[in-house]
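The values are calculated or read from the model by the stated rules, or taken from the named source; none is laboratory data. All values derive from a computational prediction rather than experimental measurement. FYI the Cβ positions are ideal-geometry reconstructions off the backbone, even for glycines, and counts take in every protein chain you see.
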């Protein structure tokens, strides 16, 4: 397996351009299942999860052309099944369920896999489809759903679920009647998907709020749309600037998507200034420790929890980082401890006491965002850090070592 090797101690300077958001691109690509007409999507990032989605769609007979700008043609769906071999590596594969049931009246989708960061149950997806009239059963690790045509319904999500909101929003576009999603997730990626669906002829209002209303239509047409920039990638580079005492321009991001992080980073002493096309991010003279609690959007993103923990490892005091979105998302702690961090886990919180120096070590990535936290820690560590199992990071960051190298980091990938 590939490794990333980092020699720490280099401040970051220069420009970095943010890629398209993985968590927006996946549902946008899958939305093409809802129409027989071709759809063209731009700003698609070059990631392992994107390639997996291409395989999944092609397995259904969908034609795909292009790379960063992709044309997806689902004129004829030859298989309404998402097999385990493809789904096991990517939880977002569950997103094919709603579109397939809506358009084909049937779907057979393997229960999903992906990063081991805790249970992300699909029961909310299943119950919503049942409320819309579908017959849904579990057989041999597969979700099997059938319906003549979905019916509009009022759906209440017990928890704000991003993939659940996206899945049922897509399904509802072709349902008979009006569907209301209550306690819906509010993430920018959901707004991006709603904009794409509206461009296809869907009738959607309220995306970005906790109540989304979808009026079903008989059919959807093709569209052209762009994927929004990746706020998690942008946030990772912003934190890296603070950790390394750097000064960088984060280009191509949407600043308002980063408000929760920006406010927290300013509290640590960083200076963050809007510029044309993005943000200028500069480190402060010292790193003030801050407390962080992850919450659904617009709260602090769980996908940046590991990265800000790495930052707080070199803070000037005590920080309490509380994870409320996923259980079992502190697996990076043991690896940061190997680098000299002072972290104690207390239930759903990690108490981080800043240390003067982190030290290079051999480490192992345990999931996508943990991989990023180890790279950030390595950028400031004394000596050399080796990070193995970096296939995790290739699922969500496009050419991360190349981008950091261009900012002045001493970082390289060693091929297996």
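Cβ separations smaller than 8 Å between residues 6+ apart or across chains give the following pairs from segment 385-404 residues that are at negative phi to residues that are surrounded by fewer than 17 Cβ atoms within 10 Å (Cβ to Cβ) and assigned to a loop (DSSP other than H, G, I, E, B): 388/1; 390/1; 390/2; 391/1; 391/2; 398/46.
Which of the residues belonging to segment 234-245 are out of contact with any helix residue (DSSP H, G or I) (no Cβ under 7 Å at 6 or more places or on another chain) and closer than 11 Å to residue 284 by Cβ?
Just the residues of segment 234-245 that are out of contact with any helix residue (DSSP H, G or I) (no Cβ under 7 Å at 6 or more places or on another chain), to begin with: 237, 241, 245.
Within segment 234-245, 241, 245 meet the criteria.
Scanning segment 310-369 for residues that are assigned to a strand (DSSP E or B), closer than 29 Å to residue 161 by Cα and under 23 Å from the mean Cα position of the chain (by Cα) returns 321, 322, 349, 350. Listed by position, the helices (runs of 4 or more DSSP H) enclosed by segment 74-190 that each have at least 1 residues that are at pLDDT 95 or above and crowded, with 24+ Cβ neighbours inside 10 Å are 97-104, 123-131, 162-172. Considering 191, 217, 180, 196, the condition of being more than 28 Å from residue 70 (Cβ to Cβ) and assigned by TED's automatic domain parsing to the domain that holds residue 71 is satisfied by 180 alone.
To keep it simple, each residue is scored yes or no on (1) touching a residue at least 12 places away in the same chain (Cβ under 8 Å); (2) in contact with a helix residue (DSSP H, G or I) (Cβ under 6 Å, 6 or more places away or on another chain); (3) buried (at least 24 other Cβ atoms within 10 Å of the Cβ).
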| site | (1), (2), (3) |
| --- | --- |
| 304 | yes, yes, yes |
| 315 | yes, no, no |
| 332 | yes, yes, yes |
| 339 | yes, yes, yes |
| 348 | yes, no, no |
| 362 | yes, no, no |
| 375 | yes, no, yes |
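Among the residues making up segment 370-402, a single one is modelled with pLDDT under 95, part of a helix (DSSP H, G or I) and farther than 23 Å from residue 17 by Cβ: 370.
Looking for something at pLDDT 95 or above and within 26 Å of residue 164 (Cα to Cα) - is there at least one such residue anywhere in segment 244-253? Yes, that holds for at least one residue. Note on segment 239-248: residues that are under 16 Å from residue 402 (Cα atoms) and surrounded by fewer than 24 Cβ atoms within 10 Å (Cβ to Cβ) total 0.
Scanning segment 205-229 for residues that are buried (at least 22 other Cβ atoms within 10 Å of the Cβ), more than 15 Å from residue 41 (Cα to Cα) and touching a strand residue (DSSP E or B) at 6+ places or on another chain (Cβ under 8 Å) gives 212, 214. When residue 1 is tested against the conditions (1) buried (at least 17 other Cβ atoms within 10 Å of the Cβ); (2) touching a strand residue (DSSP E or B) at 6+ places or on another chain (Cβ under 7 Å), the lone failure is (1).
Taken over segment 6-40, the criterion of being assigned to a strand (DSSP E or B), farther than 21 Å from residue 234 by Cα and either assigned by TED's automatic domain parsing to the domain that holds residue 168 or in contact with a helix residue (DSSP H, G or I) (Cβ under 8 Å, 6 or more places away or on another chain) (or both) is satisfied by 39, 40.
Tell me yes or no: at least one residue of segment 224-232 is under 17 Å from the mean Cα position of the chain (by Cα) and assigned to a helix (DSSP H, G or I). Yes, segment 224-232 contains at least one residue that is under 17 Å from the mean Cα position of the chain (by Cα) and assigned to a helix (DSSP H, G or I). Where strands (runs of 3 or more DSSP E) sit wholly within segment 237-300, those with at least 1 residues that are under 26 Å from residue 399 (Cβ atoms), touching a strand residue (DSSP E or B) at 6+ places or on another chain (Cβ under 9 Å) and touching a residue at least 60 places away in the same chain (Cβ under 8 Å) occupy 247-251, 278-282.
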